[in-house]
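This report concerns only the one structure given below.
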Amino acid sequence: MHDGLTGLYNRASFEQELHHLEQGGHFPVGVMMIDVDGLKQVNDMYGHSAGDVLLQRMAQVLRLSFRSQDVIARVGGDEFAVLLPGANYQTMKLVVERIRNRQLEHNQNYPGLELQFSMGSAVAVTPQEIWSALTEADAAMYDDKSVRENKTSLPG
């Protein structure tokens, strides 16, 4: 039920919790999707062990950013997902800000190989909205990734 590399919940645990929430969990529920940027390049340039360290650092940033009742999972190679029972839209804005602050702290403490990631969030107000909120958060994450890639590729 846990990811061997990060110690976080795995995809099966995350989906099990989604089904549980769908049956009547504590709503609203915030949903976040997070993708580590540039992991393939890190693996190609420095080796998979460096990429593994980056994933472990991402997991640590997430652990420091969320409450104990939140469900944090590694759902893919470089993808993480979080469920935040009781979180509304305002809470989600604060959470995004808190994660970005943790990212800055992390990168100051570990200069060199910086941790960069894209995030998207959504809120499910009712159990029927949980899967669409997940899709919405995923789309928002890809929008964030697109903006970040365009910023880094602009001259100047």
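The numbers here are math on the coordinates, done by the rules we state, and not lab data. What you are looking at is a predicted structure, and each value in this text was computed from that prediction instead of being measured. Backbone-built Cβ (ideal geometry, glycine too); neighbour counts: all protein chains shown.
Note on the chain: helix-only mean residue ellipticity at 222 nm, from DSSP H runs of 4+ residues weighted -39500 (n - 2.57) and normalised by residue number, equals -18000 deg cm²/dmol. The phi torsions of segment 102-114, fed into the Karplus equation with coefficients 6.51, -1.76 and 1.60 and a -60° offset, translate into couplings of 5, 4, 4, 4, 4, 5, 6, 7, 10, x, x, 8, 6 Hz, rounded to whole numbers, with Gly and Pro shown as x. Where Lys and Arg each count +1 and Asp and Glu each count -1, what net charge lies around Val71 among other residues with Cβ under 14 Å from its Cβ? Every neighbour counted, the sum reads -1. Against the main long axis of the alpha-carbon atoms of the chain, helix 11-22 sits at an angle near 30°. Of Val71, Ala87, Gly112, which is farthest on the positive side of the dipole of the chain, counting Cα position, with +1 on Lys and Arg Cβ, -1 on Asp and Glu Cβ, and the Cα centre as origin? It is Gly112. Normalised by 2.2 N^0.38 Å, where N is the number of residues, the C-alpha radius of gyration of the chain stands at 1.03. Counted residue by residue at 0.36 nm each, then reduced by the alpha carbon distance between them, the extension gain from His20 to Arg67 reaches 15.1 nm.
The ellipsoid that matches the Cα gyration tensor of segment 1-56 has semi-axes, each √(5λ) in whole angstrom, of 31, 13, 7, with the longest given first.
In this Cβ point-charge picture (+1 for Lys and Arg, -1 for Asp and Glu), segment 11-149 has a dipole of about 440 debye about its Cα centre.
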